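What follows is a set of notes on a single structure, which appears directly below.
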Amino acid sequence: MNVRTSRIAVVVVGILASSYLLAQQIPLTNWTVPAYRASSASGGLTAMTDVTPGVGFVGVAPCRLVDTRQAGFPAGYGPPSLSQGQPRNFDLNSDPQCPGIPAGVDAYSLNITVTNTQGPGFILIYPQGGSQPTVSTVNYVAGQTIANAAIVPAGTNGGVTVIAGVSGTDLVIDINGYFTDQYNPGVSFHAVSTTVAPAILAENTSTVANAIALQAVITSTTPGAFATAISGVNNGNGYGISGTSASGYGVVASTGGSASNAAVYASNSSTANFSSAVYGQETATGPGIFYGIFGTTSQDLDGSSGVLGVGRGGRVTPGVGWPTVTGVRGEAYSGTGVLGLSVQTGEVGFDHAGVRGMVTDTLGNKLADGFLGYANGSTHLGLASGGDALVNGNLTVTGNFSSANKFFVQPHPYDAGKEIRYVSLEGPHAEVYFRGTAQIAQGVTRVEVPQDFRFVTDPQTYSTLVTPVGGMATVTVLSEGPDGVVVQASRDVKVHYVVYAERSAIKNPNPITENVDFRPIGDRLVQAVAGPERDFEPGWHAEPGDRATTGMGDAGQGGRANFPDVIEITRRARRKKRKGRGSPRPFDCIRWSEIPRPFAPRNDRTDYGSFAAGM
């Protein structure tokens, strides 16, 4: 080998070695992400334009995005070197060298390195499509390798633009993280606190209306099932979401769109008793009207409700004839749609009801009300009404049915402003009957007893009325009972008959029983309640110990009378009259249901003493 050949070989080997060394002179290592502050803040490193406030930083393993020295890099991310003054765009979040950067990235944490610099110069890097900055990211001189870390906002399609000023250079861009509010699937913004301090604190000091401290938005107009803007999870005791407010609302949820959705969705999978998905408690101690849970609706569509409760089996599909808008609605395929419970404390004069419904006028004055599960004193009713009751259908009563009058009503056939009322026939026994017409033949006829009549009657209580029709005749009932009614007559005439019998299942051996339906009123009750200082009937007055009292004070002094005691007092008064102080006259009575005391629209406590004294 001659000298020239040796020199060429040495030069070639030197060039190859130099290229290898140049490739190794810029190792891929991690670095500290520069601090970011808004451009209005003083001190610290500031990005060329503001990054969207509130985004989170996602760190990644250091990765080389761009190297203009390496021919093996993908097109657009490798050679050639940067020419002086020529802008070059790099689509960083589409770089195949570093996959996984989301499309919605806001800014990159980059390390910008220049090497093989051709002379003095500088690097400008800025969002693609944005304005060229007036400050450089890296300054260099000829033959220098130098780097600088920077936060560079993403531009059009996630790209950045780089310009080498004055002199050309090779460029290396590494990434160790990015800022975004659109994370890759499975990646979440994660904040952890190990003290009572919140992991995330949202604060809004504005005094204008509708200010928001924290907002979460599902932007899709066709989100998937059970899509949730904010989800609160508690794996132990406590609450998933807690909100407090001195005025206004602690937690506000709103929803829109055209599909079925919910502003608040709460789920509880606990197996412990009394667990609840939503729990509302009102703890104010001052006077006023407060609510544990308040629900309202502004809709006019049938089936809308302020609060909807769904029991076992899920929603019930609305059908024809359902009620219109409701404040509270309960649905259940099995079980109970709405259940109301009330505990009777024994306090006299206080109404207890599981569920109470009331209709008022526009001023809030009661027009009618009703109760499901009602108690007052010794009165216990499954259903009670403070007004008229209407049943558009069959009414089934398995116990006693008590009424001052029992009517059947039908409309007047010629006058729409009137109706016809007939009063039921009444007596001390529950009797049934059947009637018809028969023809006497050869002086006798036999009337068959219908099967249904035989099923419901006592065979020992048959009673038959027979009336001859068409002429004078003597008639007699030879026999009567379930086997038939045999009628004999002196002439072969038509006869009308009515057969009565008592119901076998209902017996009323003694019509006079203990009083459970009425309260005495008039002077005796007034005397018993008001005390001995008021004497309304000559020859009798209450004894000093006769004043009806309760634990709440004397009835005669505004307390509530214990009515069983009042009744006993009036009985003693009657016994005194039988001993020569005058003949007793019948009590004036009023039905319990007719006393207008339990149904005051805004005062459930009734002063029976005052009521009685005013009779």
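The table that follows gives values for the structure above.
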quantity: Amide H contacts of residue 493 (H built 1.01 Å from N, under 5 Å, at least 5 apart or other chain); calculated: 440
quantity: Sequence-separation-based contact order of region 371-436, relative, with Cα cut under 8 Å and 6+ spacing, percent; calculated: 17
quantity: Nonlocal amide H pairs with residue 310, under 5 Å, H built at 1.01 Å; calculated: 331
quantity: Cα gyration tensor, region 335-461 - rounded (a/c under 1.5), prolate or oblate; calculated: prolate
quantity: Accessible area per residue, Å², region 180-255 with all protein chains present, probe 1.4 Å; calculated: 88
quantity: Ordering of 227-239, 280-292, 81-93 by burial proxy (mean other Cβ atoms within 10 Å per residue, highest first); calculated: 81-93, 227-239, 280-292
quantity: Directionally averaged projected area (convex hull, Cα atoms, region 106-172), nm²; calculated: 4.0
quantity: Computed over region 329-415: relative contact order in percent, which uses C-alpha pairs under 8 Å that are six or more apart; calculated: 17
quantity: Shape category assigned to region 389-475 from the gyration tensor of Cα positions, a/c cut at 1.5; calculated: oblate
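The values are calculated or read from the model by the stated rules, or taken from the named source; none is laboratory data. Only a predicted model underlies this, so the values are computations on that prediction, with no experimental measurement involved. In this analysis, Cβ positions are derived from the backbone assuming ideal geometry, glycine residues included, and neighbour counts consider all displayed protein chains. We work out accessible area using only protein heavy atoms, side chains counted, and drop any ligands, DNA or RNA first. Shrake-Rupley method; radii C 1.70, N 1.55, O 1.52, S 1.80 Å.
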